[in-house]
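Reading through the structure tokens given below for one structure.
The values are calculated or read from the model by the stated rules, or taken from the named source; none is laboratory data. In this text, all values refer to a predicted model and were calculated from it rather than measured experimentally. Note that each Cβ is placed from the backbone with ideal geometry, even for glycine, and that neighbours are counted across all protein chains shown. When the accessible area is computed, the model is the full protein with side chains, heavy atoms only, and any ligands, DNA or RNA have been set aside. Shrake-Rupley method; radii C 1.70, N 1.55, O 1.52, S 1.80 Å.
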Amino acid sequence: ERIFTGYGLPTRLTRLPLVESSFNVEAYSKAAAAGLWQFIPSSARIYMRLNSIVDDRRDPWTSTDAAARHLRDDYNALGSWPLALTAYNHGRAGVAKGLRTVNGSTLTDLIERYGAKSFGFASSNFYAEFIAASEIERDYRKHYGDLQREPQLRFDSVLVRDYVPYDTLRKLAGTDDDEFRRLNPA
């Protein structure tokens, strides 16, 4: 929420991972989308590091910053949150093409008049899924009662200036491989 607020974005947008990944940093789709925000490789490379060593899609903070910038750019290009969120799923160029094709300007125009196979069930219903999930989350007690929340993960952040081998970092952290990977998902 702090990251999105810093970009002047609605904090409700931080609930998008409910639809994308169920807040699972290890989520991976058949379209090669990864992490909380389900970035595909081509979008990821615009907003963060993705190479043979680092996959920032799996880092909750880096990918959240990237998602905020991506959504801001989609909104600036398309002019509404329903279109921006649809573009997050379908692609900004795909939404813009659909609007041009139907000579429209709203998500309703796309849903009612755009018949492209690529704009199928998932894309045309993405915004509605987001609204439903964020409404349920907002009033979760009504739907699920009191939920037992997990305690907040406590950790230290260390920034290294130069390359340090993975095993050296793990040993210096004094933790086993599984725990070190969990705390450093990128």
(message) Which residue is nearest to SER21 (Cα to Cα), if the candidates are limited to the range 63-73 and must be touching a helix residue (DSSP H, G or I) at 6+ places or on another chain (Cβ under 8 Å) and surrounded by fewer than 21 Cβ atoms within 10 Å (Cβ to Cβ)?
(response) THR64
(message) Restricting to the range 1-48, name every residue that is under 22 Å from GLY94 (Cα atoms) and charged (D, E, K, R).
(response) GLU20, LYS30, ARG45
(request) Select from the range 93-117 the residues that are assigned to a loop (DSSP other than H, G, I, E, B) and either within 15 Å of TRP81 (Cα to Cα) or open to solvent by 80 Å² or more (accessible area, probe 1.4 Å) (or both) and write down the one among them that is modelled with the lowest pLDDT. (result) LYS117
(request) Only residues in the range 27-43 that are touching a residue at least 60 places away in the same chain (Cβ under 8 Å) count as the first member; pair them with residues that are outside any loop (DSSP other than H, G, I, E, B) and of a type outside the set (A, V, I, L, M, F, W, C), Cβ under 6 angstrom, at least 6 apart or cross-chain, and list the lot. (result) GLY35/ARG57; GLY35/ARG58; GLY35/SER63
(message) Looking at the range 155-175 only, could you name the residues that are farther than 17 Å from VAL25 by Cβ and exposed (fewer than 10 other Cβ atoms within 10 Å of the Cβ)?
(response) ASP156, VAL158, LEU159, VAL160, ARG161, ASP162, TYR163, PRO165, GLY174
(request) Sort out which residues of the range 74-92 are open to solvent by 40 Å² or more (accessible area, probe 1.4 Å) and either within 30 Å of PHE155 (Cβ to Cβ) or of a type in the set (Ser, Thr, Tyr) (or both), and write them in order of number. (result) TYR75
(message) Given the criteria in contact with a strand residue (DSSP E or B) (Cβ under 7 Å, 6 or more places away or on another chain) and crowded, with 18+ Cβ neighbours inside 10 Å, does SER21 qualify?
(response) no
